[in-house]
Amino acid sequence: MQARSKVSIIAIVAVTSFMGTFLISAVNISLPAIEAQFEMNAIALSWVITSFLLSNAMFLLPAGRWADLTGVKRMFKLGVLLFALFSIASGLSPSGWWLIFFRFLQGAGAALTSTTGPAILVSAFPQSSRGKVLGISVSAVYLGLASGPFIGGMLTQLYGWRSVFYVASLLGVLSSMLAFLFLGKDEPNARLKKIDLRGTVLFMSGLVALIYGASNLPQSWWIMILGVLALIGFWLLEARSKFPVIDTRLFTQNRLFTFSNLASLINYSATFAIVFLLSIYLQKIKALSPSEAGTILVSQPIMMALFSPLAGRLSDRIQPRFLTTIGMVICTLGLIGFAFVNASTPVWLIVVNLLWLGSGFGLFSSPNMNTIMSAVNRSQYGLASGTAATGRVIGQIVSMTVVAVLFSMTIGNQILKNIDDQQFIDIIRTGFIIFSVMNLFGIYFSYYRGQVQRD
């Protein structure tokens, strides 16, 4: 492959990687404005984020399998088109529930690009450069996270929250043009083009029931149980299927792959809700404007963007588990620090802790993804990429579900602006205590995953 083609592929995947995370972080800053316009309660407001993530998780695994069978580039192009279309629709939403619905459809488009992007990269580059190019892709993810709070805060303050979605739609249109102009076509695939539809339905319905039931505890505990049973049925069905959505042997016979995915799931479960909670904390408790809050929250993803390429290159030379474990330890200490936040916590201390957390996450993410993709053979790249992305998104959903459960069991259907400041601070502190304990388990899986075998 020519150098120009490789540069084009990196650029296209990097733009789409930036696009999804930019929107997630920008919308977090816009939540108080969305709450004010639609008068959404705390649980409904959390679903503005969760609906996008839930759709992502539902479609990532089927999309990864289908991409392996029909072509990762074709799936990638479809994804950017859907993302652009439903970004516009989200900006035009007439109510909070319509916004949640369009965010769900938007997440489906994002799932198609995030499950195929890493597969496109690792297919185009040799293993010796894999950590470097994945580091560039992950760096774009963190640049999206970094710019989202600042740009989202400015857009929300100057033009309203809807402008955030209009900017996202422009990014989607740009990504679509680049993909159709420069990405090319897939190579012919002679394998049987079949997928386990029963397993797909069980997986999707089980995930919806589990997350919806958990976010409405204790009233909907039985729905959560049904979701767990459906997911167990999905796993048993996939183990016997000739055309599985997910190859269960990757988990039962590949410790390196399994432990790396578990470490990722736990790390995202413990860290994703940080921006959601602090965005509301800074605007509600500290009375900062959206742009001021966004500027502060930039601290964490900037460090992610700086450390991720460095950690990716290092993981090509030394065993990734050492880097990922150091990163997990740093994240755990940062989460413990936020468990002591209160109304008088100085803003500079919040910034310092965000910088600390960002460096830890940057050390973890690229080496962990390098490990996951190096643990499988070439024919399983799409499946491995989709599995890793699904674990990441399920971790993000778990993080938001923890917050939703805390809201449900303490303030119920109240609007956030109406609850007592100290009550909200207590929710934040409880959340960070839970996240700190979760991340301790991630340290174990990170260190004891085993060694990457170099070619």
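Since every read-out is calculated from the coordinates, none of them should be taken as a lab result. It should be emphasised that the depicted structure is a prediction, and the values quoted were computed from it without experimental measurement. Here Cβ is always computed from backbone atoms with ideal geometry, including for glycine, and neighbour counts include all displayed protein chains.
In this simple spin-label model, placing a label point 7 Å from the Cα along the Cα-to-Cβ direction at both VAL173 and TRP235 gives a separation of 4.6 nm. Label-to-label distance for PHE243 and TRP221 is 4.1 nm, based on points extended 7 Å past Cα in the beta-carbon direction. Its relative contact order, with pairs defined as Cα atoms under 8 Å and 6+ residues apart, puts segment 196-244 at 44 percent. For the pair PHE101 and LYS286, the difference between a 0.36 nm per residue extended length and the Cα-Cα distance amounts to 63.5 nm.
Label point 7 Å out from ARG378 along Cα-to-Cβ: which residues of segment 41-79 have amide N under 18 Å? Under cut-off, by backbone N: 68-73.
Across the chain, the mean sequence separation of Cα contacts (distance under 8 Å, 6 or more residues apart), normalised by length, yields a relative contact order of 26 percent.
Can you give me the Kirkwood hydrodynamic radius for the chain, using every pair of distinct Cα atoms, in Å to one decimal?
Working: mean 1/r = 0.0459 Å⁻¹.
This gives a value of 21.8 Å.
If I stretch the segment between ARG198 and ARG429 completely, what's the gain in nm (0.36 nm per residue apart, minus their alpha carbon distance), one decimal?
Working: separation 231, 0.36 × 231 = 83.16 nm, distance 4.17 nm.
Full-extension gain reported as 79.0 nm.
Other residues within the sphere of radius under 14 Å centred on the Cβ of ASN28, judged by their own Cβ, net out at +1 (K and R +1, D and E -1). Seen from ASN261, the other residues with C-beta closer than 12 Å to its C-beta sum to a net charge of +3, counting Lys and Arg as +1 and Asp and Glu as -1.
In this calculation the C-beta distance from TRP348 to PHE322 is compared with R0 = 30 Å, giving a FRET efficiency of 0.40.
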